[in-house]
């Protein structure tokens with residue numbers, strides 16, 4: 001079976017539809033998506049581009065459904081399916097957070113560099129998997145045209161093998177060709193954070209995007225991730241005489257239900273309470289532009305470190321440990337499922353203590 005994305009002029013617009021062809025029989029699926037004929041301005045051209053991208057995403061998903069046997073494909077026909085199309089559709093499904101989606105897209109970019117031509121499932125064997133791993137290790141370059149970091153190699157190869165595992169689960173592959181191929185070792189992540197003094201400087205410095213500043217400070221006071229602050233609603237901000245202020249929410253990353261006590265200062269930062277179903281901080285959008293404005297804010301505060309939004313969560317964790325909160329409590333406050341995830345912050349504190357111990361030097 002073959003599915004093709006086609007266009008047809010209809011009612012003064014260009015209708016987008018899918019054309020299915022199988023053994024002389026045809027089936028048409030209109031997508032209720034339309035392009036503007038002869039767009040007149042930048043806005044209309046941008047709208048056409050987004051509409052076409054959406055149609056192409058649906059087309060890719062239909063390709064996956066065909067490869068999974070939803071249209072009566074035999075096992076042999078499944079193996080002839082386009083693997084690149086399959087992992088592209090998988091990446092779209094992983095669009096649950098900017099970081100995760102970005103990692104999948106980066107993996108796809110390196111995969112396409114390694115294998116620029118279409119490749120079918122039957123072409124994916126252990127040798128192919130080892131070749132992609134070697135490409136990531138020795139040839140692939142990052143955004144700065146530098147070799148990939150150890151953690152990038154670990155992440156991208158992990159996404160690739162996850163796609164193969166999913167193909168086995170979907171019944172397309174009988175066995176995983178990545179079995180027996182050693183994985184990259186994960187590098188030691190660097191946890192950049194602000195000291196209490198630096199955080200105070202940031203609080204006292206204006207930011208071009210006030211909502212971004214509010215979100216960052218809230219994260220530094222509570223440990224909340226960007227993804228959870230972005231969707232935070234007033235109904236999730238609660239108060240009781242026994243507990244004071246707390247947030248009841250479900251983590252977007254782990255899906256875990258959490259009850260997070262927050263300080264009175266963090267609650268005051270949020271301002272006047274809105275309607276229950278309203279967002280607490282409106283207008284938050286993750287982008288390279290946002291990251292730039294965040295870094296400019298830090299520079300204006302006299303902070304020369306490379307700071308991303310996630311550093312606010314690191315700041316919360318390290319400050320809690322520095323001020324004497326035990327690691328088990330910090331782990332629970334961060335919503336970590338395993339204590340070892342939190343232990344990296346304890347190592348940061350130990351390193352800082354070691355640095356401090358070497359500052360006093362005498363001529364003996």
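The values are calculated or read from the model by the stated rules, or taken from the named source; none is laboratory data. Fair warning: this is a prediction, and the values are worked out from it, not measured in the lab. Because the Cβ atoms are built from the backbone with ideal geometry, glycine has one as well, and the counts that use them run over all protein chains shown.
Which one of the conditions (1) surrounded by 12 or more Cβ atoms within 10 Å (Cβ to Cβ); (2) modelled with pLDDT of 90 or more; (3) touching a helix residue (DSSP H, G or I) at 6+ places or on another chain (Cβ under 8 Å) does residue 180 fail to meet, given that it meets all the rest?
Among (1) surrounded by 12 or more Cβ atoms within 10 Å (Cβ to Cβ); (2) modelled with pLDDT of 90 or more; (3) touching a helix residue (DSSP H, G or I) at 6+ places or on another chain (Cβ under 8 Å), residue 180 violates only (1).
Checking the structure you have, find out if any residue of the stretch 192-214 is within 30 Å of residue 163 (Cα to Cα) and modelled with pLDDT under 95.
Checked the stretch 192-214: no residue is within 30 Å of residue 163 (Cα to Cα) and modelled with pLDDT under 95.
Given the options 279, 294, name the one that is crowded, with 19+ Cβ neighbours inside 10 Å and in the same structural domain as residue 214 (by TED's automatic domain parsing).
Exactly one residue qualifies, and that residue is 294.
The rows are residues; the columns are (1) surrounded by 13 or more Cβ atoms within 10 Å (Cβ to Cβ); (2) touching a strand residue (DSSP E or B) at 6+ places or on another chain (Cβ under 8 Å).
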position: 2; (1), (2): no, yes
position: 12; (1), (2): no, no
position: 18; (1), (2): yes, yes
position: 24; (1), (2): no, no
position: 33; (1), (2): yes, yes
position: 42; (1), (2): no, no
position: 55; (1), (2): yes, yes
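With respect to the numbered conditions (1) closer than 25 Å to residue 247 by Cα; (2) in contact (Cβ under 8 Å) with a residue 24 or more places away in the chain, which one is the sole condition not fulfilled by residue 285?
(2)
Which count do you get for residues in the stretch 252-268 that are touching a residue at least 12 places away in the same chain (Cβ under 8 Å) and farther than 13 Å from residue 239 by Cα?
Residues flagged as touching a residue at least 12 places away in the same chain (Cβ under 8 Å) and farther than 13 Å from residue 239 by Cα within the stretch 252-268 amount to 6.
Mind listing whichever residues of the stretch 107-156 are free of Cβ contacts under 8 Å to residues at least 40 places away in the same chain, buried (at least 20 other Cβ atoms within 10 Å of the Cβ) and not in a loop (DSSP other than H, G, I, E, B)?
132, 153
Within the set of pairs 6+ apart or on separate chains, which have a first residue in the stretch 313-333 that is assigned by TED's automatic domain parsing to the domain that holds residue 251 and surrounded by 13 or more Cβ atoms within 10 Å (Cβ to Cβ), a second that is modelled with pLDDT under 90 and assigned to a loop (DSSP other than H, G, I, E, B), and C-beta atoms under 6 Å apart?
From residues that are assigned by TED's automatic domain parsing to the domain that holds residue 251 and surrounded by 13 or more Cβ atoms within 10 Å (Cβ to Cβ), the pairs are 314/191.
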